[in-house]
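Step one of this worksheet: look at the structure below.
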Amino acid sequence: LPPAEKYEYQAEVSRLMDLIVNSLYSNKEVFLRELISNASDALDKLRFLSVTEPELMKDAVEFDIRIQADKDNGIITITDTGIGMTRQELVDCLGTIAQSGTAKFLKALKDTKDAGGDNNLIGQFGVGFYSAFLVSDRVVVSTKSPKSDKQYVWVGEANDSSYTIREETDPEKLIPRGTRLTLYLKRDDKGFAHPERIQKLVKNYSQFVSFPIYTWQEKGYTKEVEVDEEPAEAKAEGQDEKAEKKKKTKTVVERYWDWELTNETQPIWLRNPKDVTKEEYNEFYKKTFNEYLDPLASSHFTTEGEVEFRSILYVPAFAASGKDDIINPKTKNIRLYVKRVFISDDFDGELFPRYLSFVKGVVDSNDLPLNVSREILQESRIVRIMRKRLVRKAFDMILGISMSENREDYEKFWENFGKHLKLGCIEDRENHKRIAPLLRFFSSQSEEEMIGLDEYVENMKPDQKDIYYIAADSVTSAKNTPFLERLLEKDLEVLFLVDPIDEVAIQNLKSYKEKNFVDISKEDLDIGDKNEEKEKEMKQEFGQTCDWIKKHLGDKVASVQISNRLSSSPCVLVSGKFGWSANMEKLMKAQTM
Ligand code: ADP
Ligand code: MG
């Protein structure tokens, strides 16, 4: 018999295990959701790989998940017929942290100073496989990969910094393919091993798993059995012949145990949108993307014609990476299916441009080949058409939020994803028309609440031709700039561009509704109050003064001019028409330093 080999967990895993085992987390039942989602992932992986490697499926076993609860001994087993794990995969997957959910959790943990917050984090991020230790003293994973001819057993205990792996030799325990988890529950958590409780949890947590989940349930059926015993009362009551002769029957309940299908396996996106409630969409979102907040919006649609696909898209309520991070296009936010088979969530701009990579959702296409590769995705005309439609739908969804009664929703959106849209102004000329109405800025007439360009345009003076803006590092400094004086006097509204990216975004847009964006800090600002006569006079009168100033400042300025743009400040530094604005220059300097 090959002996069990002992391994130490990676330090991060030990830390995580420690936290899970000793946590006072009250919502321990999430362990089931995590383990079922792993089983479902394993089935997805097998189904996907078998498209190109049919020999992986040589064992004709159904794709399913089976959960058995033994309440007398406090044991739960979860069996899937998925991809399983080789010996090396056991070490890599269950001894180290490589995957995203748990890594995210650990990062959040690091960011949370206060220890009380830890317990909530478990629920927010899901701690994957290790959540088994929320309720178990001992976890046994027996697994058979179709890539290996051996089955291996991984055993881990709570409060132990090492685990063992051995070969499975008990013929009773051999499985054709997949993974069987056996959880030996902690004394206080044995209550989870009740079949009815398991059934309830599965219904609650796994209604969107697309493989059948069976739970082991006690069932009963009623049957009539004949009783030929004489009723004692009948005799006592007298010699009623009828009563004596009548055959007596009674109803009994016959009990037995069997597998019961416990979840609904029709994917939600295949259902008719009319029959799906908002709650169901939100639940699906939270389960699929491990989110704990409802999305801001969702959109479920089917496209027909040239390319057919179904999709549900979501706008999250907050930016996962933190709103100040660099936008990362590799988010695993879009799950692509081909004819219901999960293909990939590993995209890099193929289905959504980088700046829209925050949109989450599922896309199910009938037109792509099942063995679609990254190269095919990048080259495919079908994918290009899909991308166009998806982007359009995403914009519709965002526009919907912006028009919602609930102004807060769009404020939330803007706070989290405003930067993304501004990046879109720079990177996606084709969609300027869709992006522009979604932008928001402070202005000289709205310093507290941001306004959209539509509001600005509506508020324009009848003879006003341009949209004015000033870039600064804050609303306060924008407000105090001397450039503003004359415009304020004439009651012209000026947008305050206070985010570093704003100015570049606006310059890329160039115009909105045929009105040009004009930087009020640049020379030659024409606000329609030119008085040529007077200007000439002034130039003559102060020409020498200007020359004198220029001589003293030398190269520090390009020229010194008389201007009518100020009303109370004596002078102002403006930038050349074609040069960078002062704000840009400041930014560029900061970047090269
Ligand atoms: P995640 O599911 O986010 O990757 P988990 O901690 O839940 O993280 O699981 C870690 C890894 O262990 C998985 O990525 C997978 O490779 C492996 N694994 C877990 N459960 C199973 C299973 N039932 N079958 C096959 N592999 C599994
Ligand atoms: Mg998992």
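For segment 153-168, does any single residue satisfy the condition of being of a type in the set (A, V, I, L, M, F, W, C), crowded, with 17+ Cβ neighbours inside 10 Å and within 12 Å of ligand 1 (Cβ to nearest atom)? Scanning segment 153-168, I find at least one residue that is of a type in the set (A, V, I, L, M, F, W, C), crowded, with 17+ Cβ neighbours inside 10 Å and within 12 Å of ligand 1 (Cβ to nearest atom), so the answer is yes. Among all positions in segment 421-428, there is at least one residue which is assigned to a helix (DSSP H, G or I) and closer than 17 Å to Leu296 by Cβ.
With the structure loaded, tell me whether Lys104 is more than 20 Å from Trp216 (Cβ to Cβ), among the basic types (Lys, Arg), within 10 Å of ligand 1 (Cβ to nearest atom) and at pLDDT below 80 or whether it fails that test. Yes. Taking the listed residues Tyr221, Tyr214, the one that is in a strand (DSSP E or B), more than 16 Å from ligand 2 (Cβ to nearest atom) and in contact (Cβ under 8 Å) with a residue 40 or more places away in the chain is Tyr214, with no other qualifying.
Regarding segment 382-403, can at least one residue be identified that is under 30 Å from Glu53 (Cβ atoms), in a strand (DSSP E or B) and either in contact with a Leu (Cβ under 8 Å, 6 or more places away or on another chain) or acidic (Asp, Glu) (or both)? No, segment 382-403 has no match at all. Considering the conditions (1) modelled with pLDDT of 95 or more; (2) of a type in the set (S, T, N, Q); (3) in a loop (DSSP other than H, G, I, E, B), Asn328 is excluded by exactly one of them, (1). Of the residues making up segment 24-38, just one is within 11 Å of ligand 1 (Cβ to nearest atom) and touching a Gly at 6+ places or on another chain (Cβ under 6 Å), namely Glu34. Of the strands (runs of 3 or more DSSP E) that lie entirely inside segment 1-80, those containing 1 or more residues that are within 16 Å of ligand 2 (Cβ to nearest atom) and more than 17 Å from Phe192 (Cβ to Cβ) span 75-80. Restricting Lys461, Lys479, Lys534, Lys513 to residues that are over 32 Å from the mean Cα position of the chain (by Cα), surrounded by fewer than 18 Cβ atoms within 10 Å (Cβ to Cβ), of a type in the set (Lys, Arg) and within 20 Å of Asn583 (Cβ to Cβ) narrows the list to Lys479.
If the condition is being farther than 29 Å from Arg392 by Cβ and among the hydroxyl-bearing types (Ser, Thr, Tyr), then segment 444-464 contributes Ser444, Ser446. Inclusion of Ile75 among residues that are more than 10 Å from ligand 1 (Cβ to nearest atom) and either surrounded by 14 or more Cβ atoms within 10 Å (Cβ to Cβ) or not polar (S, T, N, Q) (or both) is warranted. Among helices (runs of 4 or more DSSP H) entirely within segment 476-579, having at least 3 residues that are at pLDDT below 85 singles out 532-553. If I ask for residues that are under 19 Å from Val315 (Cβ atoms) and either free of Cβ contacts under 8 Å to residues at least 40 places away in the same chain or not hydrophobic (A, V, I, L, M, F, W, C) (or both), which ones from segment 356-392 would you list? The answer is Ser357, Lys360, Gly361, Arg387, Lys388, Arg389, Arg392. Say whether the condition of being under 29 Å from Ala394 (Cβ atoms) and among the aromatic types (Phe, Trp, Tyr) is met by at least one residue in segment 476-493. Checked against the condition, which is being under 29 Å from Ala394 (Cβ atoms) and among the aromatic types (Phe, Trp, Tyr), segment 476-493 yields no hits at all.
The values are calculated or read from the model by the stated rules, or taken from the named source; none is laboratory data. A quick note: this is a predicted structure, and the numbers were derived from the prediction, not measured. Using ideal geometry, Cβ is built from the backbone for each residue, glycine included, and neighbour counts are taken over all protein chains shown.
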